[in-house]
Amino acid sequence: MSTVAHEAHHHGPPTGWKRWVFSTNHKDIGTMYLIFALVMLFLGGASAMFLRAELFEPGLQILDPDLYNNLLTNHALVMVFGVVMPAAAGMANWMIPMMIGAPDMALPRLNNLSFWLLPFAALMLVLSTIAGQLPGGGTPVNTGWTLYPPLSVQTGMGMDFAIFAIHILGMSSIMAAINIVTTIVNMRAPGMTWFKLPLFVWAWMLTGLLLIMIMPVLAGGVTMLLFDRHFGTAFFDAAGGGDPVLFQHLFWFFGHPEVYVLLLPSIGVLGMVVPTFSRKPLFAYKPLVYSMFFLTALGMVVWAHHQYTVGMSQTVTTYFMIGTILISIPVGYMLFSFIFTMWRGSMTFETPMLFAVAIILMFSFAGVTGVMLAVVPADLQYQDTYFVVAHFHYALIPGALFGLYAGVFYWLPKWTGHMYDEKLGKIFFWWTTIAFNVTFFVQHFSGLAGMPRRIIDYSPQFVEFNEISSIGAFAFGLSHLLFLWIIIKTVRGGEKAADKPWDGAQVGTAGLEWTLPSPPPFHSFTQPPVIK
Amino acid sequence: MSEMTPEQKKANVRLALVLGAIALLIACWPVYMLRHAVTG
């Protein structure tokens, strides 16, 4: 290597805007992903606040039906594609190279492109909402995130923006996934064998593979939708010989594994947090990795349990029912693995651990309602009610979002070099957890009583349920201002974090992230470490 | 910027291309259907 090139590798970070726009550094790109996700969290959260304000009373208050459904679509797309996936990708960017002893991601320039596509996609999503409100914009995007035809073929130009946003998001996700998988396969330090990998790395390996397999299907599906809208094809139009149910299959072939794309990184975070604060190695690490493989494989072949009511044959629905119920085996195994890690451990309950325990409890609850929904005759009753809304919010808020919060609190000292305010962290945990349960627990009852989802108005018998739910939602939304404040406070200063701020970190794992200073230098592991 | 050897860079690009090709192949499934829709 030439001297000039060698010196270029050791200069500090570039200054000014160029540091961020042209960044190829995994830590800087990770930071940008995390900031982007935080901004989008407030955007998606604001949509939810409007929805809950509208639902506080029956009748129409502040929104019209189309705008209500547009905000509902926007909320889901933003939370899935703008918050959880970028936040998990941000954590992967920050932590995977440091855990496996790599100097950076395998393809740093591709990494830059993967991130910088996101703001444009977010702009498209915002435009998809604005377009429906403009004169000549046609009907707003009122389909929900599933974008089912024929409604999605009939909506106005906002749908084109939404489809374009999904294309860009898909490209970004696929490129990020390719980069992460390549990094894990090719960039591990000598001695970092597959079964020494921290669970977070395994979780992202499988998430990356899932993304590579499912995102192209969504991209293809929405492209066909675009053709139906503008180029005279009839893939999903029964009048032209097409079939709208085909879109449902394409969408859920992506959409169900997507649930595991959202969940797996958080399971990976649990695999780091629980052993640390139990001061015990992860219980049954290898079977846990195998169960993640099993979950990934099963998750790919059960998509049509979202479509029990479309008139599939009994044989087909029975297959999807059994497949779906089987998923409780690997998920149950994972949860028991975490519980047995805690068993007789020397446990302490710092904020990341509080989130971990809450996740195990509340995600198990979502598992129980999930099994209920998997059973065909029962699902025919629950379909399109608030019971489903309650179920997937119990799966995704603890299962994905709280896992990411646990990760933020766990790694914030490493990222910033400062300890966060533990007292404020615990206040945030209790505030957000109680508010979350107030919001969504009652929705099980309104759903079982028959309240339909995705409708702006409701019958007067559901008033109490909805008032409680809205009050909880406002408290839940408000708690995130505290979350923002904790992060800002930690970034700006505070108690200096040690290189290994948690005394139980690295128990039973070969991960190298805690061997670096806090915050880590701009370039880390320029010489590959050797793991014994 | 990382301290990757040329061999490592080549290996990374090779694997990324394979994974990208798999993604493209999967995306071709709807395109295949599109061809049939156009040609009947």
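Please treat every number below as a calculation from the coordinates, not as lab data. Since the structure is predicted, the reported quantities are computational estimates derived from the model, not experimental observations. Here the Cβ positions follow ideal geometry from the backbone for every residue, glycine too, while neighbour counts run over all protein chains shown.
The residue list A:Ile427, B:Leu17, A:Phe253 was ranked by how far each Cα lies along the charge dipole of the protein assembly as shown toward its positive end, using unit charges on Cβ atoms, and B:Leu17 comes out on top. The gain in end-to-end length when the A:Thr146 to A:Ser364 segment is fully stretched comes to 75.9 nm, 0.36 nm per residue minus the alpha carbon separation.
Highest mean first, what order results for A:91-98, A:160-167 on Cβ atoms within 10 Å? Working shown, then result.
Numbers: A:91-98: 27.0, A:160-167: 22.2.
Most protected by this proxy first, the peptides run A:91-98, A:160-167.
Per-residue mean of foreign Cβ neighbours for A:211-220 is 4 (Cβ atoms of other chains, 10 Å radius).
Distance between the pseudo-spin-label points of A:Phe120 and A:Lys196 (7 Å out from Cα toward the beta carbon): 4.1 nm. Can you figure out the FRET efficiency of A:Asp457 with A:Gln383, using R₀ = 22 Å and their beta-carbon distance, to the nearest 0.05? Once rounded, the FRET efficiency stands at 0.65.
Length gained on full extension, A:Ser313 to A:Asp243: 23.6 nm, using 0.36 nm per residue less the C-alpha separation.
What FRET efficiency, computed as 1/(1 + (r/R0)^6) with R0 = 22 Å and r the Cβ-Cβ distance, is obtained for B:Lys9 and A:Ile488, rounded to the nearest 0.05? The partial results should precede the final answer.
Details: r = 38 Å, r/R0 = 1.74.
So the FRET efficiency works out to roughly 0.05.
In a solvent-free Debye calculation with one equal scatterer on each Cα, what is log10 I(q)/I(0) for chain A at q = 0.05, 0.06, 0.12 Å⁻¹, listed in the order of the q values? Evaluating at q = 0.05, 0.06, 0.12 Å⁻¹ gives log10 I(q)/I(0) of -0.19, -0.28, -1.18.
A DSSP coil position with no more than 15 other Cβ atoms inside 10 Å describes the following chymotrypsin sites (Phe, Trp or Tyr not before Pro) in region A:192-276: A:Phe231. Rounded to two decimals, the Cα-based Rg/Rh of region A:325-409, with Kirkwood Rh, is 1.05. Length gained on full extension, A:Ile434 to A:Phe522, computed as 0.36 nm times the residue gap minus the Cα-Cα distance: 27.8 nm. Helical runs (DSSP H, four residues minimum) scored at -39500 (n - 2.57) apiece and divided by the length of chain A put the mean residue ellipticity at 222 nm at -22500 deg cm²/dmol.
Placing pseudo-labels 7 Å out from each Cα toward the beta carbon at B:Leu24 and A:Thr348 gives an inter-label distance of 5.3 nm. Pairs spanning more than 30 Å between alpha-carbon atoms, out of A:Lys496/B:Lys10; A:Lys27/A:Lys423; A:Lys27/B:Lys9; A:Lys280/A:Lys496; A:Lys196/B:Lys9: A:Lys496/B:Lys10.
Dipole magnitude for the protein assembly as shown: about 1680 debye, using +1 per Lys or Arg Cβ and -1 per Asp or Glu Cβ, origin at the Cα centre.
In this structure the amide hydrogen of A:Thr385, modeled in the peptide plane, comes within under 5 Å of the amide hydrogens of A:Arg453, none closer than 5 places in sequence on its chain.
Normalising the average separation of contacting C-alpha pairs (under 8 angstrom, six or more residues apart) by the number of residues puts the relative contact order of chain A at 19 percent.
With 24 Å as the limit on Cα-Cα distance, the pairs of A:Lys18/A:Lys500; A:Lys426/A:Lys500; A:Lys286/A:Lys414; A:Lys500/A:Lys532; A:Lys414/A:Lys489; A:Lys286/A:Lys532 that go past it are A:Lys18/A:Lys500; A:Lys286/A:Lys414. Modelled this way, with points 7 Å down the Cα-to-C-beta line, the labels at A:Glu464 and A:Ser328 are 3.0 nm from one another.
Listed by number, the DSSP H helices of chain A that run 27 Å or longer by alpha-carbon position along their axis and have mean Kyte hydropathy of at least -1.0 are A:26-55, A:108-131, A:158-186, A:199-230, A:244-278, A:351-374, A:422-448, A:463-492. When the Cα positions of A:Leu209, A:Asn25, A:Leu118 are compared along the charge dipole of chain A, A:Asn25 comes out farthest toward the positive end, with charges on each C-beta of Lys, Arg, Asp and Glu.
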